[in-house]
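Heads up: the structure comes next, in C-alpha cells.
Values in this text are rule-based calculations from the coordinates and carry no lab data. Every value quoted in this text rests on a predicted model; they were computed, and no experiment measured them. Here the Cβ positions follow ideal geometry from the backbone for every residue, glycine too, while neighbour counts run over all protein chains shown.
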Amino acid sequence: MSVRILALVGSLRAGSHNRQLAEAAVKLAPAGAEVALYEGLAEIPFYNEDLDVEGGVPAAAAALREAAAGADALLLFTPEYNGTIPAVLKNAIDWLSRPFGAGAVSGKPVAVIGTAFGQYGGVWAQDEARKAVGIAGGKVIEDIKLSIPGSVTRFAETHPADDDEVAAQLTEVVTRLHGIVDAPAAV
Ligand SMILES: Cc1cc2nc3c(=O)[nH]c(=O)nc-3n(C[C@H](O)[C@H](O)[C@H](O)COP(=O)(O)O)c2cc1C
C-alpha cells in the first residue's frame, strides 16, 4: 500500500505558487508514495474551543482531522506573510493540535517547505510552522528543508513542475519523507 502524504498549503489564492509546488509534488511522488493536496482549508472557521466540543466541531474542521488521521505523513507548503506563518495554515495546525496530546498529527512525520518572494524564501514562516506543528504533536523532520526565494518572478511563467531544479528538489523531499515513513527508526 502507498505511503499517504497529506499536503496542506498556506495560501488560498488560485494562482498560489505554494499550491503549484504542492501540485508538482503530487505529480512527482515516487512509486509507493501518494501526495494528496488538501482542499478546504478556507472553509474552516477560526479555532474556537467553544466549537471544539462533541457534536459541535464544524464539518470542515472534522474533515481536516479525518484527512490528517488517515495520512502517514504531512507536507506543509507555506509562503511567508509579514515575517511569519499565514493564518490559514496556523488555523489548520490549531485544529489538528486538539484534543491535547491526541490530535490528528500526533506522532506523524511532518516536513515544511515552500516559496516566498523574499530572498530567504520564507524561512521565518517555515521555522514558525515547524515550531507550531511540533508543539501540536507532529514529529517534525527538521532536516527536510526547501525554501525557494523570488516566488513571484521565478514561477511567473514556469510551473514548478517544469522547473528542473525545483522538480528535483521536490522529488527528493517527497522521497525522503516516504523513506522516513517506511523506516522510522532511521530518523
Ligand atoms: C500579506 C502578505 C505578506 C507578505 N509578507 C512577506 C514576507 O514577510 N516575506 C516574504 O518573503 N514575502 C512576503 N510576501 C510575498 C509572498 O511571499 C509572495 O507573494 C508569495 O508568492 C505568496 O505565496 P503564494 O504564491 O503561494 O500565494 C507577502 C505577501 C502577502 C500577500
Among 130, 98, 19, which one shows the highest mean-square fluctuation when the chain is modelled as a Gaussian network with alpha-carbon springs under 10 Å? 98
Rounded to whole Å and sorted largest first, what semi-axes of the equivalent ellipsoid does the C-alpha gyration tensor of region 45-95 yield via the square root of 5 times each eigenvalue? 22, 16, 6
May I ask you to derive the relative contact order of region 53-181, considering only C-alpha pairs under 8 Å and at least 6 residues apart, and to give it as an integer percent? 25 percent
At most 12 other C-beta atoms within 10 Å and a DSSP loop state: those are the exposed GluC sites (Glu not before Pro) I care about. Give me the longest piece of the chain that has none. 55-141
Histogram of C-alpha separations across the chain, 10 Å bin width, %: 10, 40, 37, 12, 1
So how much slack lies between residue 57 and residue 39, counting 0.36 nm per residue of separation and subtracting their Cα-Cα distance, in nm? 4.7 nm
If the chain between residue 12 and residue 172 were fully stretched, how many nm would it gain, using 0.36 nm times the residue separation less the Cα-Cα distance? 55.1 nm
